[in-house]
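The values are calculated or read from the model by the stated rules, or taken from the named source; none is laboratory data. Source: prediction; values computed, not measured. Here the Cβ is made from the backbone with ideal geometry for all residues, glycine too, and neighbour counts use every protein chain on show. Accessible surface is based on the protein model in full, side chains and every heavy atom, while ligands, DNA and RNA are left aside. Shrake-Rupley method; radii C 1.70, N 1.55, O 1.52, S 1.80 Å.
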Amino acid sequence: MPNVIQPAPVPTDTRIAIVVAEWNKNITQKLLDGAVATLTENGVADEQIDVAWVPGAWEIPLVSMRLAESGQYAAVLCLGAVIRGETTHDQHINRGVSMAMLDIALEFDLPVLFGVLTCNTLEQAIHRAGGNVGNKGSECAEAALQMVGLLEAMN
């Protein structure tokens, strides 16, 4: 039987950063609410969560990088909602943001979670921000906690 590395309990002093886009705020506020609720339900104190609002998804990576390089956080959650329009603008935003977030995670050896919705329609985004598909902000927070615990177990 192989040795399976299990996530350790998340330390009580864990600090989590959340970067959230104001564009489509009717969606992103619900993602943020879900993420914060999940973190606090799992023992992360409200005062250990720092939230930075940025204008849109495109601005998420720069602020995420600043937070990551500060060394203060166990994870950075990135929340946004990019909804397809009449042009391919959304594809360029999504590709650039996702690649930048991956680069930040690898450069700083830090979980940087992709909680940016990439939807074809507003209806899809609504369903993913607390609707019938769940709350992807909450799921992002769950993944962050699992990654923090897993990395803790690997130390």
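Can you find a residue that is part of a helix (DSSP H, G or I), at pLDDT 95 or above and small (Gly, Ala, Ser) anywhere in the stretch 7-25? Reasoning before the result, please.
Filtering the stretch 7-25 down to residues part of a helix (DSSP H, G or I) leaves 25.
Filter again for at pLDDT 95 or above, leaving 25.
Next cut, small (Gly, Ala, Ser) only: none.
No, the conditions are met nowhere in the stretch 7-25.
Here are some residues: Gly115, Gly85. Which one is open to solvent by less than 70 Å² (accessible area, probe 1.4 Å) and more than 15 Å from the chain's Cα centre (by Cα)? Talk me through it step by step, then tell me what you get.
On the way: Gly115 fails: more than 15 Å from the chain's Cα centre (by Cα).
Every option except Gly85 fails the conditions.
May I ask you to say which residue of Leu67, Leu62 is open to solvent by 20 Å² or more (accessible area, probe 1.4 Å), at negative phi, aliphatic (A, V, I, L, M) and without any contact (Cβ under 8 Å) to a residue 12 or more places away in the chain?
On the way: Leu67 fails: without any contact (Cβ under 8 Å) to a residue 12 or more places away in the chain.
None of the others qualify; the one that does is Leu62.
Do the conditions hold for Ile93, that is, is it closer than 21 Å to Thr38 by Cβ, surrounded by 17 or more Cβ atoms within 10 Å (Cβ to Cβ) and either aromatic (Phe, Trp, Tyr) or more than 12 Å from the chain's Cα centre (by Cα) (or both)?
Values: closer than 21 Å to Thr38 by Cβ: no; surrounded by 17 or more Cβ atoms within 10 Å (Cβ to Cβ): yes; either aromatic (Phe, Trp, Tyr) or more than 12 Å from the chain's Cα centre (by Cα) (or both): yes.
Judged against the criteria, Ile93 is not a match.
Condition test on Val36, is it touching a residue at least 40 places away in the same chain (Cβ under 8 Å), open to solvent by 30 Å² or more (accessible area, probe 1.4 Å) and under 17 Å from Glu142 (Cβ atoms)?
On the way: touching a residue at least 40 places away in the same chain (Cβ under 8 Å): yes; open to solvent by 30 Å² or more (accessible area, probe 1.4 Å): yes; under 17 Å from Glu142 (Cβ atoms): yes.
Taking the combined requirement at face value, the residue satisfies it.
Residues that are at pLDDT below 95, at least 2 per element: which helices (runs of 4 or more DSSP H) completely within the stretch 54-155 meet that? Full working, then the answer.
Values: elements: 60-70, 89-108, 122-128, 136-154.
Of the helices (runs of 4 or more DSSP H) lying wholly inside the stretch 54-155, those with at least 2 residues that are at pLDDT below 95 span 89-108, 122-128, 136-154.
Hey, among Glu59, Glu47, Glu139, which residue is under 22 Å from Gln6 (Cβ atoms) and either of a type in the set (D, E, K, R) or in contact with a helix residue (DSSP H, G or I) (Cβ under 6 Å, 6 or more places away or on another chain) (or both)? Explain how you work it out, then say what you get.
Details: Glu59 fails: under 22 Å from Gln6 (Cβ atoms); Glu47 fails: under 22 Å from Gln6 (Cβ atoms).
Unique residue meeting the criteria: Glu139.
Could you tell me whether Val51 is open to solvent by 20 Å² or more (accessible area, probe 1.4 Å), part of a helix (DSSP H, G or I) and at pLDDT 95 or above?
no
Yes or no, residue by residue, for (1) out of contact with any strand residue (DSSP E or B) (no Cβ under 8 Å at 6 or more places or on another chain); (2) farther than 16 Å from Met65 by Cα:
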{"site": "Ile83", "(1), (2)": "no, yes"}
{"site": "Thr87", "(1), (2)": "yes, yes"}
{"site": "Met99", "(1), (2)": "yes, no"}
{"site": "Asp103", "(1), (2)": "yes, no"}
{"site": "Leu106", "(1), (2)": "yes, no"}
{"site": "Leu110", "(1), (2)": "no, no"}
{"site": "Leu113", "(1), (2)": "no, no"}
{"site": "Leu122", "(1), (2)": "no, yes"}
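For the stretch 1-33, give me the residue count where each residue is under 26 Å from Ile126 (Cα atoms), open to solvent by 10 Å² or more (accessible area, probe 1.4 Å) and in contact (Cβ under 8 Å) with a residue 60 or more places away in the chain.
Start the filter on the stretch 1-33 by keeping residues that are under 26 Å from Ile126 (Cα atoms), which leaves 16-33.
With the extra rule that they be open to solvent by 10 Å² or more (accessible area, probe 1.4 Å), the set shrinks to 22-26, 29-30, 32-33.
Then drop every residue that is not in contact (Cβ under 8 Å) with a residue 60 or more places away in the chain, which leaves 24, 30, 32-33.
Total satisfying the criteria: 4.
May I ask you to say which residue of Ala105, Ala141, Ala74 is among the small types (Gly, Ala, Ser), buried (at least 16 other Cβ atoms within 10 Å of the Cβ) and free of Cβ contacts under 8 Å to residues at least 60 places away in the same chain?
Within the list Ala105, Ala141, Ala74, the selection yields Ala105.
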